[in-house]
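Accompanying notes for the structure given below.
The values are calculated or read from the model by the stated rules, or taken from the named source; none is laboratory data. Everything numeric in this text was worked out from a predicted model, so none of it was measured. Here the Cβ positions follow ideal geometry from the backbone for every residue, glycine too, while neighbour counts run over all protein chains shown.
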2 protein chains.
Amino acid sequence: MHDNHATLVLKYLGINTYKEPIIYMREDCHICKSEGFEAQARVRVTLKDRSIIATLNMIQTDLLRRNEAGLSNYAWELLSANEGDEVSVTHAKPLISLAYIRSKIYGNELKAEETRHIIEDILSGQLSDINIAMYIAASSGDRLSKKEVLDLTRAMVETGQRLSWPSELVVDKHCVGGLPGNRTTPIIVSIVAAYGLMIPKTSSRAITSPAGTADTMEVFAPVDLDIDLMKKVVEQENGCIVWGGSVALSPADDLLIRIERTADLDSEGQMVASVLSKKIAAGSTHIVIDIPIGATAKVRSIERAQLLKAFLESVAIEFGVRVKVIFTDGLQPVGRGIGPALEARDILSVLNCDKNAPINLRERALILAGQILEFSPKVEEGEGKRIATEILLSGKALAKFEAICKAQGGMREIPTAPFVYTVESHRSGKIVNINNRNISRVAKLVGAPKSKSAGVELLSPLHTIVEKLQPLYKIYAETRGELNYALDFLKEAPEIFQIEESE
Amino acid sequence: MHDNHATLVLKYLGINTYKEPIIYMREDCHICKSEGFEAQARVRVTLKDRSIIATLNMIQTDLLRRNEAGLSNYAWELLSANEGDEVSVTHAKPLISLAYIRSKIYGNELKAEETRHIIEDILSGQLSDINIAMYIAASSGDRLSKKEVLDLTRAMVETGQRLSWPSELVVDKHCVGGLPGNRTTPIIVSIVAAYGLMIPKTSSRAITSPAGTADTMEVFAPVDLDIDLMKKVVEQENGCIVWGGSVALSPADDLLIRIERTADLDSEGQMVASVLSKKIAAGSTHIVIDIPIGATAKVRSIERAQLLKAFLESVAIEFGVRVKVIFTDGLQPVGRGIGPALEARDILSVLNCDKNAPINLRERALILAGQILEFSPKVEEGEGKRIATEILLSGKALAKFEAICKAQGGMREIPTAPFVYTVESHRSGKIVNINNRNISRVAKLVGAPKSKSAGVELLSPLHTIVEKLQPLYKIYAETRGELNYALDFLKEAPEIFQIEESE
């Protein structure tokens, strides 16, 4: 039979292409020749009863023998492959979901089952990155109707895990487009859980930043809990702060975001589906969504924020979920530390009610916690922030935070970096600008977020007046090598603090 | 200095990703660690004074040493790399063309220089396939204005080679969306050049089909001529039939088509820019465009064909180019042979005025040649086909064809395949359907177009009445192995000829 010739033996190459399934085959192998495959062809790879569609890369050296094939790590995983397994490789039949994507590109409104089909094929690795990118582009701007956003949200929820909780009122918060050092989450969860509301919080790790909330929380306690352990923590303490990656909520969202990020796309419709699908899958019923507005934030104008708010509220209501959107100042970094341990220190100083705790971090956390508390029928409108402040001042928030950390497997000491370097001002004057991008880069060069105690501590905020030689910021590193790496960069980088003579 | 650490030594891996620049780096190399690179990151790779943007794939095995990097073949070429060269790798700065693509996605009309910038960045390998796909999706349907199509056409022409000819009237022809076996080009060129018009024809090789015009022409004579030799042939004989790939006309078009093909996209605007940019770059002034209409053709309705015609004519006029669009029947395969040598045989039988020459191939060629002849001020409207027929019958077309082949380096004998297998009808009845897709597959399985003499010869056309055991088609192969491969396929394939009892 024709099919009997068509197998190759798998060799492990260990090539990480992130979420792109690739098969590597010799250009002169019998299958490439007989099937007339070209490089970049989409082919179906079958291993026993498992089958994926992969992109073909041709090998023209002895990396592989003629009877061998390699797979990218993602394809290897999808197929649960082992070295020596035999795979058959055939032309991929045209996908029906590709016809739906084409229909969307040509401007048609998709039916619910068409959107669902596209999302399923994305998740199972059938659609190539190129075709996912086309779907995203065709759905951007204002090209998704409200109905399509609803369908997309539902498809994303239903193709992943979905949590449920023993409470009518399950609260949550989300911030659209992070600000540097904006680590309000652990403070908010502690206050809200201390009050008695259920808040099972999942957070993300850093992707391009020096720390994500999950990275910072990990300084105190493990965050990669499975669902059972997460449930136990929440049942016991009303709240948790775990890494979202270990509970597979709305997994399609991660795949879409990865493509959107390559072109910095963030259309309303896709943002709404992204945010709400994660929260609905998490079992939340009442959500505060914080939209920081500012020139360097994701949302830059009040008009755009209003549009997003209306969209979020109207879609959420269809899922029986209450969304409260609040607008905040997105101009300034929040807190003082950048990097997991330094941000953890900021959080602890707020919970400890230290005199020197960063005021903007504390204030922001109290406002958001207050808004969440007002979801409770027992809290009157306008009373939330006062109650949140009381809980913080009473020490109950700190106690709750420690209890949550313990339940998650903590509570750990915050580590201190052995190598510290202080950068001083070259002149006297007023700080008129801080280059957040380069500050983040310094923090990453010294190893954040992998090196937990590495990072940058800002000592002089924007708009303050400094003397010559006054400390501007400190760099923390775990090794001298990493510190030198940052210092080398500083020699070349434009000044991070812009200081002008004050008159 | 920071940058001094940042080099890796190139190792040749020989991985063909077609036109996608990829760099392979060890996940644990010093650059990945210090720059915080992730798999699929877009990075700038610099080798001496050359620099490209590539997608990063991470290696987690000993395929590379820690101080080594690999490149996909396309990246290797773009950088003119040699094994042992040192490359530096840094974060890629956001491209300004990405902002233009985003703008297009959000529904804005692009300025001429914005479109130009996108096309330049596509050509120089700066934009990833994912982002090119987004640009294509955002430009599909009716989303390109006439002005944008004009700008796109101009950008595609100006970023490639452009030919010029010592004649006011340079004619050409194009067929939108090929039909199987539709090899009219060599016949048309011979007739038109014999009449005395200048027709410097470039054609493509097969991509997914068993033969392209260039593959078939190559049976008679070399087709990979450089521009100088092509000019010499045209000056001497008024015409040529060469492979377009060797003269780099509108190279951006090939890159766009490669992405469009993944989703079978063929929007009017992109089709117009694609067709016209190639012809304008080729120096053509008068072009006949053949749009076959039919259920399995690219253009399926007369309405769509009308739209395309209007679009083509109005854009062409802006470049001072005259376009005449004609609609033809796209229902039936043309000619009898499928595969280079078998199609060559059909062509020669038409030029030889054989009694058994395929009628539809002859008729089609004469209609199109006639339309082209009418571009001449000396030919009155309605007279073209008559004159074309005269030239064919007089033997002048055959003589011209032989002269062109000789000038290109021919004229070769048509080879005959040693292994022939005849497929007979299982029953008597009327042929109501021929599965063209599977016929093509058989031709490819026996090795077409690489094996020149391999392919399929259709003996009983659609709608004829056949007896039981009457021959339906013949399969030609150069080796017994290739023939068996096709026969194995036939055992499994659904019947290629559908025959119903005639009443």
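Against the condition farther than 25 Å from A:S51 by Cα, surrounded by fewer than 20 Cβ atoms within 10 Å (Cβ to Cβ) and either in contact (Cβ under 8 Å) with a residue 12 or more places away in the chain or within 14 Å of chain B (Cβ to nearest Cβ) (or both), how does A:K173 come out, does it pass? Judged against the criteria, A:K173 is not a match. For segment A:201-214, the criterion of a residue being modelled with pLDDT under 95, over 22 Å from A:L361 (Cα atoms), in contact with a Phe, Trp or Tyr (Cβ under 9 Å, 6 or more places away or on another chain) and part of a helix (DSSP H, G or I) is satisfied by no position.
Is it true that some residue in segment B:257-274 is hydrophobic (A, V, I, L, M, F, W, C) and in contact with a strand residue (DSSP E or B) (Cβ under 8 Å, 6 or more places away or on another chain)? So far as segment B:257-274 goes, no, none of its residues is hydrophobic (A, V, I, L, M, F, W, C) and in contact with a strand residue (DSSP E or B) (Cβ under 8 Å, 6 or more places away or on another chain).
Within segment A:415-452, being crowded, with 17+ Cβ neighbours inside 10 Å, away from chain B (no Cβ under 12 Å) and within 30 Å of A:N238 (Cβ to Cβ) holds for one residue alone: A:K452.
Answer yes if at least one residue in segment A:60-67 is of a type outside the set (D, E, K, R), in contact with a strand residue (DSSP E or B) (Cβ under 9 Å, 6 or more places away or on another chain), away from chain B (no Cβ under 14 Å) and in contact (Cβ under 8 Å) with a residue 40 or more places away in the chain, and no otherwise. Yes, there is a match, as at least one residue in segment A:60-67 is of a type outside the set (D, E, K, R), in contact with a strand residue (DSSP E or B) (Cβ under 9 Å, 6 or more places away or on another chain), away from chain B (no Cβ under 14 Å) and in contact (Cβ under 8 Å) with a residue 40 or more places away in the chain.
Scanning segment A:97-140 for residues that are under 23 Å from the mean Cα position of the chain (by Cα) and outside any helix (DSSP H, G or I), we see that the one that is modelled with the highest pLDDT is A:S139. Candidates A:I130, A:I118, A:I101: the one that is facing another protein chain (nearest Cβ under 8 Å), under 26 Å from A:S80 (Cβ atoms) and free of Cβ contacts under 8 Å to residues at least 40 places away in the same chain is A:I130.
All told, A:S167 falls short of being of a type in the set (S, T, Y) and within 14 Å of the chain's Cα centre (by Cα).
Screening B:L64 against (1) of a type outside the set (S, T, Y); (2) touching a Gly at 6+ places or on another chain (Cβ under 8 Å); (3) part of a strand (DSSP E or B) leaves a single unmet condition, (3).
Hey, can you tell me all the residues within segment A:252-295 that are among the hydroxyl-bearing types (S, T, Y) and not in a helix (DSSP H, G or I)? Across segment A:252-295, the qualifying residues are A:T262, A:S267, A:S284, A:T285. Taken over segment B:104-115, residues that are facing chain A (nearest Cβ under 10 Å) and not basic (K, R) amount to 4. Which one is nearest to the other protein chains (Cβ to nearest Cβ), of the residues in segment A:72-86 that are of a type in the set (D, E) and over 29 Å from the mean Cα position of the chain (by Cα)? Out of the qualifying residues, it is A:E83. The residues in segment B:89-98 that are within 14 Å of another protein chain (Cβ to nearest Cβ) and within 27 Å of B:V9 (Cα to Cα) can be counted, and the count is 6. Taking segment A:330-365 as the range and being touching a helix residue (DSSP H, G or I) at 6+ places or on another chain (Cβ under 7 Å), among the hydrophobic types (A, V, I, L, M, F, W, C) and in contact (Cβ under 8 Å) with a residue 60 or more places away in the chain as the test, the residues that pass are A:V334, A:I338, A:A341, A:A344, A:I347, A:V350, A:L351, A:L361, A:A365. The requirement of being small (G, A, S) and more than 11 Å from every other protein chain (Cβ to nearest Cβ) is satisfied by B:S51. Annotation note: of A:I289, A:I302, A:I293, A:I317, the sole residue that is of a type outside the set (D, E), away from chain B (no Cβ under 14 Å), in contact with an Asp or Glu (Cβ under 8 Å, 6 or more places away or on another chain) and more than 19 Å from B:S103 (Cα to Cα) is A:I293.
Here is a yes/no grid of residues against (1) in the same structural domain as B:A443 (by TED's automatic domain parsing); (2) more than 21 Å from the chain's Cα centre (by Cα); (3) closer than 20 Å to B:T213 by Cα:
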position	(1), (2), (3)
B:D290	no, no, yes
B:E313	no, yes, no
B:V334	no, no, yes
B:A344	no, no, yes
B:I347	no, no, yes
B:I359	no, yes, yes
B:E374	no, yes, no
B:E383	no, yes, no
B:G395	no, yes, no
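Hey, among the residues in segment B:3-42 that are closer than 16 Å to A:E20 by Cβ and more than 11 Å from every other protein chain (Cβ to nearest Cβ), which one's modelled with the highest pLDDT? It comes out as B:I23. Of all the residues in segment B:141-163, those that are within 21 Å of the chain's Cα centre (by Cα), surrounded by fewer than 20 Cβ atoms within 10 Å (Cβ to Cβ) and part of a helix (DSSP H, G or I) number 1. Here is the figure for segment B:304-360: residues that are among the aliphatic types (A, V, I, L, M) and within 20 Å of B:L472 (Cα to Cα) total 7.
Scanning segment B:24-61 for residues being in contact with a Gly (Cβ under 6 Å, 6 or more places away or on another chain), assigned to a loop (DSSP other than H, G, I, E, B) and either crowded, with 21+ Cβ neighbours inside 10 Å or hydroxyl-bearing (S, T, Y) (or both) gives a total of 1.
Pairing residues of segment A:448-461 that are in the same structural domain as A:P340 (by TED's automatic domain parsing) and free of Cβ contacts under 8 Å to residues at least 24 places away in the same chain with residues that are surrounded by fewer than 23 Cβ atoms within 10 Å (Cβ to Cβ) and in a loop (DSSP other than H, G, I, E, B), at Cβ distances under 6 Å and at least 6 apart in sequence or on separate chains, gives no pairs at all.
Across segment A:189-211, the number of residues qualifying as crowded, with 24+ Cβ neighbours inside 10 Å and within 14 Å of chain B (Cβ to nearest Cβ) comes to 2.
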